[in-house]
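Colleague: I'd like to ask you about the structure that follows.
The values are calculated or read from the model by the stated rules, or taken from the named source; none is laboratory data. Note that the structure is predicted; figures quoted are calculated from it, not measured. Note that each Cβ is placed from the backbone with ideal geometry, even for glycine, and that neighbours are counted across all protein chains shown. Please note that ligands, DNA and RNA were not included when accessible areas were found on the heavy atoms of the full protein model with its side chains. Shrake-Rupley method; radii C 1.70, N 1.55, O 1.52, S 1.80 Å.
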Amino acid sequence: MRRGLFVGRFQPPHYGHFHALKWIVEKGGVDEVVVVIGSAQESHTLRNPFTAGERFEMLLRGLRETLGSSQGFIIAPVPDIAMNFVWTRYLEMLLPSFDVVFTRNPLVARLFEEYGYEVRMQPAFDREVYSATRIREMMLRGDARWRELVPSSVAEYIESIGGVERLRRLAGGD
Ligand code: NAD
């Protein structure tokens, strides 16, 4: 039984994340994937509009839609800590054990490498198109094409919680 780790903020989860998770399952040589919802303490800001629970819901729905099931994925919300140096130990304390880390985030890669973990980089899937920053910008300027960048079940969930309206209110003045 070999386990992989995949960390993200998922604000919101998009096809880039789901393609990456599919690649990890099919080509990453692991039987299970621990998916960490990072910055779990954050919500209701322009950079982090969604709560950890909302992102959890989006990941479950998106996995079911794109991979047919969320089985084999262990999802864990984890708040940030102020000390990068001990973050890897902190994750080890909170999570089931894992053997290999999949990331394209240079900080995440560096911290795990310094700690002796095997780190692999999943391919970039249309990185310029599938980007959470871009999705939030599209939501803010009223460009409805953001819906094409996430699974439809994720788009429907975001709409059901008034996610776009929340982001636009946060951007407004007093
Ligand atoms: P993210 O949601 O931007 O990305 C998650 C993963 O998906 C990354 O590996 C990214 O490269 C990949 N990805 C995104 N789009 C892709 C695409 N189109 N194709 C292929 N891969 C794609 O999240 P992130 O910013 O990498 O998340 C890191 C999390 O770890 C943050 O929450 C951060 O706060 C946390 N962190 C915390 C500490 C600490 O607490 N001290 C330290 C380091 C990191």
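Colleague: Given only helices, namely DSSP H runs of n ≥ 4 each adding -39500 (n - 2.57), what is the per-residue ellipticity at 222 nm of the chain, to the nearest 500 deg cm²/dmol? Kindly include the intermediate steps, with their values, before the conclusion.
Modeller: On the way: 7 runs with 73 residues, N = 174.
Computed ellipticity for the chain at 222 nm equals -12500 deg cm²/dmol.
Colleague: Now, a different point. I'd like the GluC sites (Glu not before Pro) in segment 66-174 restricted to DSSP loop residues with at most 10 other Cβ atoms within 10 Å, sorted by number. Please list the in-between numbers first.
Modeller: Working: sites: Glu92, Glu113, Glu114, Glu118, Glu128, Glu137, Glu148, Glu156, Glu159, Glu165; in loops: Glu128.
Sites meeting the loop and neighbour criteria: Glu128.
Colleague: Accessible area per residue, 1.4 Å probe, Å², for the chain: what's the number? The partial results should precede the final answer.
Modeller: On the way: 8910 Å² over 174 residues.
Heavy-atom accessible area per residue stands at 51 Å².
Colleague: Continuing with the same structure: Enter the angle in degrees (range 0 to 90, nearest 10) between the Cα long axis of helix 52-67 and the first principal axis of the Cα atoms of the chain, meaning the one along which they spread out most.
Modeller: Helix 52-67 sits at roughly 80 degrees to that axis.
Colleague: Largest first and in whole Å, give the semi-axes of the chain's equivalent ellipsoid, each being the square root of 5 times a Cα gyration tensor eigenvalue. Please list the in-between numbers first.
Modeller: Values: eigenvalues 145, 69, 40 Å².
One finds semi-axes of 27, 19, 14 Å for the chain.
Colleague: In segment 1-116, carbon and sulfur make up what percent of the accessible area (probe 1.4 Å)? Before the final figure, lay out the partial values.
Modeller: Values: 2800 of 5440 Å².
The C+S portion of the solvent-accessible surface of segment 1-116 is 52 percent.
Colleague: Amide H neighbours of Gln41 under 5 Å, counting only residues 5+ apart in sequence or on other chains, H built in-plane at 1.01 Å?
Modeller: Excluding prolines and chain starts, which carry no amide H, the hits are Asp80.
Colleague: So what is the relative contact order of the chain, in percent, for Cα pairs below 8 Å that sit 6 or more residues apart? Write down the numbers at each step before the final one.
Modeller: Numbers: 262 pairs, mean separation 50.5, N = 174.
Once divided by the residue count of the chain, the mean separation gives 29 percent.
Colleague: Kindly rank 66-78, 2-14 from highest to lowest mean number of other beta carbons found within 10 Å of each residue. Mind dumping the intermediate values first?
Modeller: Details: 66-78: 14.7, 2-14: 22.5.
Result, highest mean first: 2-14, 66-78.
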